[in-house]
1. Out of region 58-93, which residues are touching a residue at least 60 places away in the same chain (Cβ under 8 Å), within 16 Å of Lys46 (Cβ to Cβ) and in contact with an Asp or Glu (Cβ under 9 Å, 6 or more places away or on another chain)?
2. Given (1) acidic (Asp, Glu); (2) assigned to a loop (DSSP other than H, G, I, E, B); (3) surrounded by 13 or more Cβ atoms within 10 Å (Cβ to Cβ), identify the lone condition not met by Glu83.
3. I'm trying to understand the selection: among the residues of region 97-117, which are farther than 12 Å from Asp23 by Cα and either of a type in the set (Gly, Ala, Ser) or open to solvent by less than 50 Å² (accessible area, probe 1.4 Å) (or both)?
4. Take the residues of region 1-26 that are of a type outside the set (A, V, I, L, M) and open to solvent by 90 Å² or more (accessible area, probe 1.4 Å): which is modelled with the highest pLDDT?
5. Just to be sure I understand, how many residues within region 172-210 are basic (Lys, Arg) and either surrounded by 15 or more Cβ atoms within 10 Å (Cβ to Cβ) or over 20 Å from Thr75 (Cα atoms) (or both)?
6. Answer with yes or no whether Asn121 is within 21 Å of the chain's Cα centre (by Cα) and modelled with pLDDT under 95.
7. If you check Gly157, Gly132, Gly169, which single one turns out to be open to solvent by 70 Å² or more (accessible area, probe 1.4 Å) and of a type outside the set (S, T, N, Q)?
8. Any idea which of (1) under 22 Å from Lys199 (Cβ atoms); (2) open to solvent by less than 20 Å² (accessible area, probe 1.4 Å) is the one Lys29 doesn't satisfy?
Amino acid sequence: MLKLSDIISDKEEMDMKKRIVFDKIRDMKYISHLDTIRFLERLFKKTGINIKHSEGFTPRPKLSFGNPVSLGDETYNELMDAEIISELSNEEILDLLNLNSPDGFYFHDIYDVPKKSAIANDFDILVYEIEGDETNIDSLEKLLNSDEIIEIREKKGKTQERNLKDKIGNFKRVENKIFLELYGISPKSLFTMAALDSKNLDIKRMGYKK
């Protein structure tokens, strides 16, 4: 005889939090963070993969993301958490997402994470690849090698200073590319300090590190 506890147990097994890894490249890099969220909500609906929704008057699919990607930057190994209600295996979910995705949007990994896990808490570092002409990369490398990188900002009528050097992890230059680890800042803060125009650079966010 089927017991209520068996039904609850089965539901808990199906109602899992998944961490999904994807790339957003080529023409898809011109889709804003908000439009990316809307696209993914429609994609799950199209595939028939059920997402758990929040409660209240305006329920929303339980999807969460890492730091927003700047418009025009390609991103690899981007992360999304989804509370999926499905009997499908992770591999079947991955296949369905890729089958219904446009060129430039590719899902390449999915794994289970604890319900309380959060991308922002699990990862401290973002990794970037920045490419440009020799002059621009020389300027950026010179800035990164500085002992201090003091940024002065106006906020709520007050002048604030911070040392961006504290936000920089490992970096290396390979020809006219710089591979850079950052803690909690966008590389565009560094471009401003180096008097560089980001339009003259090819910026790729390569993923997360702990």
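1. Passing the criteria: Ile84, Ser86.
2. Unmet for Glu83, out of (1) acidic (Asp, Glu); (2) assigned to a loop (DSSP other than H, G, I, E, B); (3) surrounded by 13 or more Cβ atoms within 10 Å (Cβ to Cβ): (2).
3. Leu97, Asn100, Ile110, Val113, Ser117
4. Arg26
5. Qualifying residue count for the region: 4.
6. yes
7. Checking each option against the conditions leaves just Gly157.
8. In the conditions (1) under 22 Å from Lys199 (Cβ atoms); (2) open to solvent by less than 20 Å² (accessible area, probe 1.4 Å), Lys29 misses (2) alone.
The values are calculated or read from the model by the stated rules, or taken from the named source; none is laboratory data. Please read these numbers as outputs of a predicted model, since none were measured by experiment. Note that each Cβ is placed from the backbone with ideal geometry, even for glycine, and that neighbours are counted across all protein chains shown. Note: areas computed on protein heavy atoms with side chains; ligands, DNA, RNA excluded. Shrake-Rupley method; radii C 1.70, N 1.55, O 1.52, S 1.80 Å.
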